[in-house]
C-alpha cells in the first residue's frame, strides 16, 4: 500500500515538522516499539502491511491514515516494499 504520489499524501497529512528533534525522538521510540513487537520472525524488516497494521495499534500517537502512508513512503528508502531497521 505504498503512496504513489508522496507530495499528494504530504498535502493531505497533518502538518508535522519532520525535522523537529521532538518529532524525531517520538518517531524513533515508536519505531523501536513497532519493530520489537511486530517483527515476530526477527528478520529485521517488516512488510508494508505489517508496518501499517503495527502503527494502527499504537493509539498514543494518534496518527491519521494519510500520516501513516507518508511514514511508509519515507521509511522505504529503496522502494523494496519492506521497511528495514
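Checking 39, 76, 67 one by one, the residue that is more than 11 Å from the chain's Cα centre (by Cα) and surrounded by 11 or more Cβ atoms within 10 Å (Cβ to Cβ) is 39 and no other.
Considering (1) under 18 Å from residue 84 (Cα atoms); (2) at pLDDT 80 or above; (3) in a helix (DSSP H, G or I), the lone condition that residue 23 does not fulfil carries the number (1). May I ask you to verify whether residue 60 is exposed (fewer than 14 other Cβ atoms within 10 Å of the Cβ) and at pLDDT below 75? Criteria met by residue 60. Each residue in the stretch 70-85 was checked for being in a loop (DSSP other than H, G, I, E, B), more than 10 Å from residue 47 (Cβ to Cβ) and touching a helix residue (DSSP H, G or I) at 6+ places or on another chain (Cβ under 7 Å), and 1 pass. Taking first residues from the stretch 16-36 that are more than 16 Å from residue 54 (Cβ to Cβ) and partners that are modelled with pLDDT of 80 or more and in a helix (DSSP H, G or I), the Cβ contacts under 7 Å between residues at least 6 apart in sequence or on separate chains come to 16/23; 17/23.
The values are calculated or read from the model by the stated rules, or taken from the named source; none is laboratory data. Since we're looking at a predicted model, the values are computed, not measured. Here the Cβ is made from the backbone with ideal geometry for all residues, glycine too, and neighbour counts use every protein chain on show.
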